[in-house]
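Working notes, beginning with the structure itself.
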Amino acid sequence: MLRVEELHVNRGRTKVLQGINFAVEAGEIATLIGANGAGKTTTLMTLSGLLPISSGQARLQTSDGSYDVGATSPVDLVRAGIVHAPEGRQIFGRLSIEENLQLGAFLSNDKARVARAITDIYERFPILGERRAMPAGNLSGGEQMMLAIGRALVAEPKLLLLDEPSLGLAPQITEEIFDFLEELNREQGVTMLIVEQNAMLALELADRAFVLENGRIVLEGSGDELLNDPAVFEAYLGVG
Ligand code: ATP
């Protein structure tokens, strides 16, 4: 579904991505792990069209066609199915929960479908439904993450990009969110690329994993393979 080849991306004068190659197949959960500053967020921002590609390419292949990410506008990428739940959630605190969810549908004319998608989210996360008219800024961090994922789902992603879904959340809430992501993948077949600093969590969930170090992919394998790899353990999973 997604193929990234020799991708180079600069931010200012910094060469952040230095020729990365990876692929995500339809129906998979893939994860990109790595230390702070390795280039994980940059990768997701590039895939959603928010940062220009210096060289190399990223291509999305769906049942509707094939898209060159570098030559497609961010709005057309959403239309094509790449939907990004960004780091820090980026919800609109003064808008209501329901209004935030409706923003996910900015490209849809099918009101009945959008209403159904929003109802599904309220069923899965009743707390959002109970408070639908309240400002989203009143929600806790975990609830805001649920809302950010919900808003992304309203846009009907084919490839859901998630940046640090566990950031700042209590372990129990993180577990609830990861359980939901697994269910979403299993039941609706949503393909995901998840960026995580919590490597253990991400590897447990992922079918396929890539380790990014200083803008290069240094290791890849199944989630299980990397969980059991002593080098990964030492660098990312060890205590302390
Ligand atoms: P984090 O978990 O901290 O977000 P990351 O792996 O996602 O880490 P990026 O946010 O992609 O890393 O950042 C990669 C590099 O790009 C870092 O060296 C960072 O200093 C640099 N960088 C990030 N944002 C900008 C920016 N707006 N302008 C210039 N350089 C930036």
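Since every read-out is calculated from the coordinates, none of them should be taken as a lab result. Note that this is a predicted model, so its numbers are computed, not measured. Every residue, glycine among them, receives a Cβ derived from its backbone with ideal geometry; neighbour counts consider all protein chains shown.
Hey, can you tell me all the residues within the range 195-240 that are small (Gly, Ala, Ser), out of contact with any Lys or Arg (no Cβ under 7 Å at 6 or more places or on another chain) and part of a loop (DSSP other than H, G, I, E, B)?
Hits for the range 195-240 are ALA206, GLY238, GLY240.
Scan the range 107-132 residue by residue and report those that are among the polar types (S, T, N, Q) and more than 28 Å from ILE173 (Cα to Cα).
Residues of the range 107-132 that are among the polar types (S, T, N, Q), as a first pass: 108-109, 119.
Listed by number, the residues that qualify are SER108, ASN109.
Being farther than 30 Å from VAL16 by Cβ, more than 16 Å from the ligand (Cβ to nearest atom) and touching a residue at least 60 places away in the same chain (Cβ under 8 Å) is the requirement here; does GLY189 meet it?
Spelling it out, GLY189 is indeed farther than 30 Å from VAL16 by Cβ, more than 16 Å from the ligand (Cβ to nearest atom) and touching a residue at least 60 places away in the same chain (Cβ under 8 Å).
Looking at (1) of a type outside the set (A, V, I, L, M, F, W, C); (2) under 18 Å from the mean Cα position of the chain (by Cα); (3) outside any helix (DSSP H, G or I); (4) within 16 Å of the ligand (Cβ to nearest atom), can you tell me which one PRO52 breaks?
The number of the failed condition is (2).
Report, by residue number, each residue of the range 55-80 that is part of a helix (DSSP H, G or I) and among the small types (Gly, Ala, Ser). I'd like the intermediate steps shown before the answer.
Of all residues in the range 55-80, those part of a helix (DSSP H, G or I) come to 69-71, 74-80.
Once the filter is applied, which keeps residues that are part of a helix (DSSP H, G or I) and among the small types (Gly, Ala, Ser), the range 55-80 yields GLY70, ALA71, ALA80.
When you scan the range 5-22, do you find a residue that is more than 21 Å from LEU205 (Cα to Cα), within 16 Å of the ligand (Cβ to nearest atom), out of contact with any helix residue (DSSP H, G or I) (no Cβ under 6 Å at 6 or more places or on another chain) and not in a strand (DSSP E or B), even just one?
yes
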